Amino acid sequence: MTRRTVRIAMNGVTGRMGYRQHLVRSILAIREQGGLDLGDGEVVWPEPVLVGRRAHALEELAERHGLTEWSTDLDAVLADDSVEIYFDAQVTSARVEAIKKAIAAGKHVYTEKPTATDVEGALDLARLARDAGIKHGVVQDKIFLPGLRKLKRLIDGGFFGEILSVRGEFGYWVFEGDWQAAQRPSWNYRAEDGGGIVVDMFPHWEYVLHELFGQVTSVTAHVRTHVPQRWDEQGKPYEATADDAAYGIFELAGGAVAQINSSWTVRVNRDELVEFQVDGTHGSAVAGLRNCRVQHRSSTPKPVWNPDLPVTESFRDQWQEIPDNQEFDNGFKAQWELFLRHVVQGAPYTWDLLAGARGVQLAELGLKSSAEGRRFDIPELTL
């Protein structure tokens with residue numbers, strides 16, 4: 001067994017998502033399992049080089065996890081020929097410039113989404129990566145979640161018959177920051193800093209719908225800022241200029257219709273923070289982050305509308321839970337492993353910067369739909 005070290009510049013790991021999901025639960029988790037076994041006598045050993053603006057935070061993270069390399073000088077890290085991959089989990093407004101530098105330095109690129117603040121910027125990155133001949137990928141973690149993998153299993157097995165509609169509910173109440181600390185950074189609620197639930201979540205909905213049900217062909221959206229004032233990390237009030245709720249209708253290739261509500265101003269009355277109900281001619285399913293339950297047409301009850309009598313049956317009890325039947329790993333880690341295989345072995349990989357641009361496009365057109373009060377077709381993106 002031989003070990004190949006792959007050095008990864010990880011920019012933005014002092015943030016919540018970059019630290020928890022990408023550094024700890026992905027890269028460090030791969031190291032804890034002994035590396036990524038390629039199955040051909042070779043093991044990939046990821047070696048993170050932590051990059052950011054705050055030296056004290058980087059040093060503290062490195063010490064906490066027994067790492068030795070960190071830097072506040074991105075240019076110097078990218079100039080190091082031994083660094084093969086650049087990963088970006090910064091705020092969106094800082095992402096494009098950093099990725100362009102990484103591409104120019106010949107690094108393979110793996111990045112959080114959205115990849116840019118507008119679709120032209122996202123396409124520009126995809127073109128630059130293509131012309132440079134590097135490998136590139138975009139985080140599209142939701143399709144690796146256990147609940148959605150079970151849903152994909154049902155789709156591939158023909159459980160639904162013809163899929164008619166998809167209804168999604170995502171969100172939770174994010175505290176304003178005055179009487180309780182907010183669960184999300186304040187920049188998420190400032191449009192000038194790249195915040196907003198549309199630019200955050202519509203890229204997710206693009207790849208979830210595309211991968212599972214069909215390409216999104218049109219969007220109609222209504223966007224709101226329900227909470228106009230919030231308090232930042234220093235306890236200072238600020239104007240919330242970004243949207244905190246979005247109500248979208250997406251038409252899909254093949255005729256199905258998806259309706260997805262996204263909100264940071266909703267209190268949860270469902271089993272998981274995100275749930276999708278899929279209705280088809282032969283059956284229906286409700287999938288969340290981990291669980292998935294179904295109701296086949298052969299076991300569908302026959303409700304009768306009668307508002308004069310109390311309900312005597314539990315509708316939830318009439319659904320059947322889908323078993324795991326396999327061990328599901330962390331979704332971020334699973335995609336990291338696929339990208340490392342792509343870099344080292346040339347294994348197929350479809351979630352690239354062009355796929356990321358489709359997510360940016362859907363967010364951009366969703367905001368335009370809300371602003372102009374009309375439906376927009378989604379044109380095919382090409383490089």
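Just one residue in the set VAL96, VAL109 is surrounded by 15 or more Cβ atoms within 10 Å (Cβ to Cβ), without any contact (Cβ under 8 Å) to a residue 60 or more places away in the chain and touching a helix residue (DSSP H, G or I) at 6+ places or on another chain (Cβ under 8 Å); that residue is VAL96. Taking every residue in region 304-329 that is not assigned by TED's automatic domain parsing to the domain that holds ASP271 and pairing it with any residue that is surrounded by 10 or more Cβ atoms within 10 Å (Cβ to Cβ) and among the small types (Gly, Ala, Ser), at least 6 positions away or on another chain, yields no pair with a Cβ-Cβ distance below 6 Å. Consider region 291-327 and keep the residues that are at pLDDT 95 or above, out of contact with any Ser or Thr (no Cβ under 9 Å at 6 or more places or on another chain) and part of a loop (DSSP other than H, G, I, E, B). The one that is surrounded by the fewest Cβ atoms within 10 Å (Cβ to Cβ) is ASN291.
Could you pull out the residue among ARG4, ARG54, ARG64 that is without any contact (Cβ under 8 Å) to a residue 24 or more places away in the chain and among the basic types (Lys, Arg)? Don't jump to the end; show me each part of the working.
Numbers: ARG4 fails: without any contact (Cβ under 8 Å) to a residue 24 or more places away in the chain; ARG54 fails: without any contact (Cβ under 8 Å) to a residue 24 or more places away in the chain.
Just one listed residue meets the conditions, ARG64.
One residue alone among ARG224, ARG190 is closer than 20 Å to VAL119 by Cα, surrounded by fewer than 20 Cβ atoms within 10 Å (Cβ to Cβ) and basic (Lys, Arg), and that residue is ARG190.
Region 18-135 holds helices (runs of 4 or more DSSP H) entirely within its bounds, and those carrying 3 or more residues that are of a type in the set (Asp, Glu) map to 55-64, 119-132. For region 277-290, filtered to residues that are part of a strand (DSSP E or B) and farther than 12 Å from LYS150 by Cα, the residue that is farthest from the chain's Cα centre (by Cα) is GLY283. Condition check for VAL174 on (1) over 23 Å from MET10 (Cα atoms); (2) over 20 Å from the mean Cα position of the chain (by Cα); (3) crowded, with 18+ Cβ neighbours inside 10 Å; (4) not charged (D, E, K, R): one failure, at (2). From the list HIS136, HIS210, the lone residue that is modelled with pLDDT of 95 or more and outside the structural domain of PRO237 (by TED's automatic domain parsing) is HIS136.
The values are calculated or read from the model by the stated rules, or taken from the named source; none is laboratory data. Quick caveat, the model's predicted, so the values are computed rather than measured. With ideal geometry, Cβ positions are generated from the backbone for all residues, glycine too; neighbour counts draw on all protein chains shown.
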